[in-house]
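A.B. asks: Please find one structure pasted underneath; my questions will follow.
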């Protein structure tokens, strides 16, 4: 899945332009993988890593872990557990929201978050 790898590489390289500590080798070391493996991930030669590794990459790069997980074709274990509690309801909700414009989804999120029923 090159979209995930491309995104990770673009973010890492953007950070590296202002901070040399974001070289491929240094980032790989900080997240606990071999530089060759991170390079393959960035080039899309291997599938996106595990949820835990994606979370470490997100933290290191200052990215939202849910966004990186989604780009990697994954959903966090936390969200999976929430969906499993009411699978039909959440499936119906997501299908309805699929066509909704962003502003409508944001309004719904704010209403739920604020308890404004």
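The numbers here are math on the coordinates, done by the rules we state, and not lab data. Note that this is a predicted model, so its numbers are computed, not measured. As a convention, Cβ positions derive from the backbone with ideal geometry for all residues, glycine included, and neighbour counts pool all protein chains shown.
A.B. asks: Is there a residue being without any contact (Cβ under 8 Å) to a residue 12 or more places away in the chain and loosely packed, with under 11 Cβ neighbours inside 10 Å anywhere in the range 53-63?
C.D. replies: The answer is no; no qualifying residue exists.
A.B. asks: So residue 83 clears everything in (1) free of Cβ contacts under 8 Å to residues at least 12 places away in the same chain; (2) exposed (fewer than 12 other Cβ atoms within 10 Å of the Cβ) except one condition, right? Which one?
C.D. replies: (2)
A.B. asks: Looking only at the range 1-30, count every residue that is assigned to a helix (DSSP H, G or I) and under 17 Å from residue 72 (Cα atoms) and tell me the total.
C.D. replies: The total comes to 11.
A.B. asks: Out of all the residues in the range 81-101, is one or more touching a helix residue (DSSP H, G or I) at 6+ places or on another chain (Cβ under 7 Å) and closer than 15 Å to residue 9 by Cβ?
C.D. replies: no
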